[in-house]
Amino acid sequence: MARRRKHKNRDQPLDPEAGADGRLDVRPGQLFDLIHEVNPTGRDLPRAEATRRYQLKNRLRSLLVRRFGDEHLIVRPGDDGTVSLDHRSGSRDACHAVVDELEPDARSWVRLRLDLAASPAVEDDAGTTDGRATATGEPSVEALVGRARRAVQEYDYEAAERDLTRAFAASGGATTVALPLLELWVESLGLDRQALELEPRLDADARVHPAVRTHLALAAARAGEAARARELVKGIDSQGAAEVHVALADAAARAGDRQAAVRHLEKARRRDPAHPDLPRLADAVAHLQAEDFRPLEDALGERYRQEGAAATAEAARRLLDRWPESKLARRIVHEAAETRRRSEIDEHVELGERAWAEERFADVVLHFRKALDLGSERAGLAERVEEARRRERERETRERVAAVVARFDDDPAAALLAYLALPPPLREDVRRRVDRPALAWLEVGVDVPVDRRARDVEVCDLEGASQHAEGQGGEGELVDEAALFLDPQRSHEVRRSLSSSSGSASRRLTAATSLHWRPPCS
């Protein structure tokens, strides 16, 4: 059986402040509970705390209206501008609220519901029931707005305008009517001046509503009232605001105001990067910039012809910072960079040739390689890099051989270990330069890991080498050198193998290993 998933914090109390700020995903019942929880009525609280709770309660009630009003709330009128916000089931309430203390959108919703509740149903012009009517028999605000929306869908703008203007007057300039009327006048009919005349007749809530302000700002921008449009759209970041900034940028571009055009173009781009008019406006702004910066570009061109790219590159870069579209400035910067690149190539090639003459082949590789990285196309340069590397390896080889040969005079044990660490060709070079018989027979068992150098001399090798050495009178030297490789624990093996050929060699080996043996370096 699948185990039920436990929900964290389900039983933990909700934070009223977080709920009022909209930071919690709360249900209607939870909001009702929070409203009663913070309600200061009937509690002996300090004045400041009571004020804070009243404000918090109004924020919670506004959130309740905003999120769940249409689905869950019934508005019941009270006395002195108060209402009761009740759940449709009748089982919960949000206490009595002063309408004017609710947040603007919640206040508008409550007032509309009060107006609708006071109006009986009537028939519209077509004879069908549509919304409600006022006490005088006139269609209600809701009925007029609904009928206007249907007229817009049928492209009957004249009928829609007639009903919306009637509804606007009846509502006292409410947001719910101002929005469709402004949309009709500004978006559909282009009656910008007529829309702007509507602003003084808006109620307090509609005047601060972002969508209403956006429609008015667009009308002002298209009517040439840029300052009014900027004030209306201030602080609004919606896609509708992008349309306002597009209109302001367009007007600025036509007036030749490059700075204002650039500013509004950027604001429009931030709010709606996919707006279809942005490419056209960008071209218009680029044309304005070209006209503004043409004198600077002309002066730069004259100086370039007289002094060359290197002398004018910095001025060209400054012009590009202000006007990235300048083709002349970009060409000068590119030419200066190309000249500098070729100069650096020539410099590295010259340094490489000098190093070659002095047989400093590591420096040859360094400078020729840099020239190639910079894009040098000089023939044979890559092959000379490889030749220089080969010669540098030969030099290093000679130095390694010489170092090992020199150590035989100072530290024979260390020299033998260094000899065994060399690759076979280098060991052969050492044997040609050092007259030591032990080096020849050490080759037989030399393929042993470096960390086991003390076992490089095998018994059979020493035995054969000892017999050869005794025949030549050099057994003492041979055994002494062998003792440097043998630890005392293994010396008995060598003595046993030498006993049949040379007792004196065995004795000398025993003494040598006791006196001279030390563990080889790892």
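Any read-out appearing in this document is the output of simple, stated calculations on the displayed coordinates, not a laboratory observation. This is a predicted model, so every value here is computed, not measured. No Cβ is skipped: glycine too gets one built from the backbone with ideal geometry, and neighbour counts run over all protein chains shown.
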Inset, instruction - Estimate the FRET efficiency between Arg43 and Arg88 by the formula 1/(1 + (r/R0)^6), using the beta-carbon distance for r and 30 Å for R0, to the nearest 0.05. - result: 0.55
Inset, instruction - Can you check what the net charge comes to around Ala310, using other residues whose Cβ is under 10 Å from the Cβ of Ala310 (Lys, Arg +1; Asp, Glu -1)? - result: -2
Legend entry - Glu307-Arg330 FRET efficiency (beta carbon distance; Förster radius 22 Å; 0.05 resolution): 0.80
Inset, instruction - Quickly rank 200-206, 103-109 as a protection proxy: mean count of other C-beta atoms within 10 Å, highest first. - result: 103-109, 200-206
Inset, instruction - Tell me which residues come under 5 Å, amide H to amide H, from Glu103 once H is placed; ignore anything under 5 positions away on its chain. - result: Ser62
Legend entry - Distance between modelled label sites at Ser188 and Ala402, nm, 7 Å Cα→Cβ extension: 9.9 nm
Inset, instruction - Compute the Cα gyration tensor for region 316-419, then decide on rounded, prolate or oblate, letting a ≥ b ≥ c be the square roots of its eigenvalues: rounded whenever a/c is under 1.5, prolate when a/b is larger than b/c in the other cases, and oblate in all that remain. - result: prolate
Inset, instruction - Can you bin region 138-213 into rounded, prolate or oblate? Criterion: square roots of the alpha carbon gyration tensor eigenvalues sorted a ≥ b ≥ c, rounded for a/c under 1.5, prolate for a/b above b/c, oblate for the rest. - result: oblate
Inset, instruction - Identify, among Ala247, Val177, Ala206, the residue whose Cα sits farthest towards the positive end of the charge dipole of region 123-288, taking +1 on the Cβ of Lys and Arg and -1 on the Cβ of Asp and Glu, with the dipole about the Cα centre. - result: Ala247
Inset, instruction - For Arg322, put the label point 7 Å out on the Cα→Cβ axis and report which residues of region 244-270 keep their amide N under 15 Å from it. - result: 258-259
Legend entry - Rounded if a/c under 1.5, otherwise prolate or oblate - region 171-232, Cα gyration tensor axes: oblate
Inset, instruction - Starting from the Cα-Cα distance between Glu359 and Leu14, subtract it from 0.36 nm times their residue separation and give me the gain in nm to one decimal. - result: 116.0 nm
